[in-house]
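Enquirer: Sharing a structure, written as structure tokens. Questions coming.
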Amino acid sequence: MTAEQQPEGRTQDEPRGPLPALAGLAGVPAHSAAEAWGNVRDWVTRGHLADTRRMPRLPIHLGDGYTVHRYEPTAPVDPDLAPLLLVPPLGAPDFAFDLRRGASLVEDLLGTDREIFIVTYDATGRAAGRRGLELWVDEIVPAALYAIADRHGDTPVHLAGWSLGGLFTLLAAASKVSGAPIRSVTAFASPVDVSAVPLVAPFRSVAEYTGGRVFSAAYRTLGSFPATAVKWAFQLTSVERYLTKPVTLATHLDDRELLEQIEAVDLLMDNMTAYPGRAFGQIYHHVVRSNDLAQDELRLAGRPVRLADVDVPVLLIAGADDVIAPVASVERATELLTASPDLRFVVRPGGHLGVLAGRRARENSWRDLERFLAAHDGA
């Protein structure tokens, strides 16, 4: 079995990465010159530094606009460990969970002998723009859960999502329409209270002044929130880091892991996708403009979907340096998830992506997830 192909237009051997922007080795300490030259040599000869091959996986269920994949185990599967379904957000590629070798949550989880699955979405086509949040909450996530449970004697399945994917997992557990077999929910960097997100404040002010008409007209005309705009939004959250990137690279040529991480993150940014128009409209009106989630007043398909109705164990993980989902915006959920029998909230090093796939995630948020899953593997 071979690993899946890289995202379209990208192969492992294509010249790519941070090093073309560097003029030389100025600023590298003398004792690290050998490591720096070795990194430059490898980039010149191989065209890349990071190993961004994806962990092998196969589709097990094909739905209308989505696919459920099973990652190929790297060790014998322990039947006493309940399966885990990963839920990516809209806009960002699903390989955020499998960023690169050495910084892949999927790779790490497979090493624990647990079966790992992921649901992916088709963000293209005319139908995609008409898909609303209720489709993910009431249909896609539940259908993926049932497909996995059917393979495991109808056992409930662990759920883990990142960013908006984390909100999908929480809302799927809150919705009682499908009766999906959920064992636990983990949400990485999922903002519940957008009033605690400084970057959103200007958009909320414009929405309040215009009654929401400006942004509504924009996404209805375009049919979606463009991929380029999604990429800019992510980059805006770390504009200082992007401005100082050339200096960082020039002074850290000897730090192989840092160079690999930057290269892998750049690849992720280059593969952002558009937000479906209807889903983006709902996020804008109900989350950004009205902050319904923070008040536990969100309505989907004409009915309330309340976090207070989540009755499974929940782990909330916030990034200490996250400006997209600041700690306070994630922590707000702890006041709403009143029916959860085991509610845990932790703050770990990293930004919005870093808390999921950063260089410090292995010893922090990944271990939190591992312990949480193990605590709820029983019936």
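Enquirer: Of all residues in the stretch 284-295 being in contact (Cβ under 8 Å) with a residue 12 or more places away in the chain and in contact with a helix residue (DSSP H, G or I) (Cβ under 6 Å, 6 or more places away or on another chain), which is surrounded by the most Cβ atoms within 10 Å (Cβ to Cβ)?
Expert: Selected residue: LEU293.
Enquirer: Among the listed residues PRO349, PRO341, which satisfies the condition of being within 27 Å of PRO156 (Cβ to Cβ) and out of contact with any helix residue (DSSP H, G or I) (no Cβ under 7 Å at 6 or more places or on another chain)?
Expert: Sole residue among the options that is within 27 Å of PRO156 (Cβ to Cβ) and out of contact with any helix residue (DSSP H, G or I) (no Cβ under 7 Å at 6 or more places or on another chain): PRO341.
Enquirer: Which condition does ALA96 not pass, out of (1) at pLDDT below 90; (2) of a type in the set (Gly, Ala, Ser); (3) within 20 Å of the chain's Cα centre (by Cα), if it passes all the others?
Expert: Status for ALA96: all satisfied but (1).
Enquirer: Let me ask another. Can you tell me which residue among VAL287, VAL247 is touching a Leu at 6+ places or on another chain (Cβ under 6 Å), modelled with pLDDT under 85 and in a helix (DSSP H, G or I)?
Expert: Criteria check complete, one pass: VAL287.
Enquirer: Another question about this same structure. Hey, among the residues in the stretch 296-305 that are assigned to a loop (DSSP other than H, G, I, E, B) and touching a helix residue (DSSP H, G or I) at 6+ places or on another chain (Cβ under 6 Å), which one's surrounded by the most Cβ atoms within 10 Å (Cβ to Cβ)?
Expert: Looking at residues that are assigned to a loop (DSSP other than H, G, I, E, B) and touching a helix residue (DSSP H, G or I) at 6+ places or on another chain (Cβ under 6 Å), I get VAL305.
Enquirer: Being assigned to a loop (DSSP other than H, G, I, E, B), surrounded by fewer than 19 Cβ atoms within 10 Å (Cβ to Cβ) and modelled with pLDDT of 95 or more is the filter here, so list the residues in the stretch 313-348 that pass it. Show your work before the answer.
Expert: Pass one, the stretch 313-348, residues assigned to a loop (DSSP other than H, G, I, E, B): 313, 320-326, 336-342.
Okay, now just the ones that are also surrounded by fewer than 19 Cβ atoms within 10 Å (Cβ to Cβ), so 320-321, 323, 338-339, 341-342.
Once the filter is applied, which keeps residues that are assigned to a loop (DSSP other than H, G, I, E, B), surrounded by fewer than 19 Cβ atoms within 10 Å (Cβ to Cβ) and modelled with pLDDT of 95 or more, the stretch 313-348 yields ALA320, THR338, ALA339, PRO341, ASP342.
Enquirer: Would you mind listing the strands (runs of 3 or more DSSP E) fully within the stretch 53-113 where at least 2 residues are aliphatic (A, V, I, L, M) and surrounded by fewer than 23 Cβ atoms within 10 Å (Cβ to Cβ)?
Expert: Because the criterion is at least 2 residues that are aliphatic (A, V, I, L, M) and surrounded by fewer than 23 Cβ atoms within 10 Å (Cβ to Cβ), the strands (runs of 3 or more DSSP E) in the stretch 53-113 that meet it are 57-63.
Enquirer: Could you list, in sequence order, the residues of the stretch 350-367 that are assigned to a loop (DSSP other than H, G, I, E, B) and out of contact with any Gly (no Cβ under 7 Å at 6 or more places or on another chain)?
Expert: Passing the criteria: LEU353, ARG359, ARG362, GLU363, ASN364.
The values are calculated or read from the model by the stated rules, or taken from the named source; none is laboratory data. All values derive from a computational prediction rather than experimental measurement. Here the Cβ is made from the backbone with ideal geometry for all residues, glycine too, and neighbour counts use every protein chain on show.
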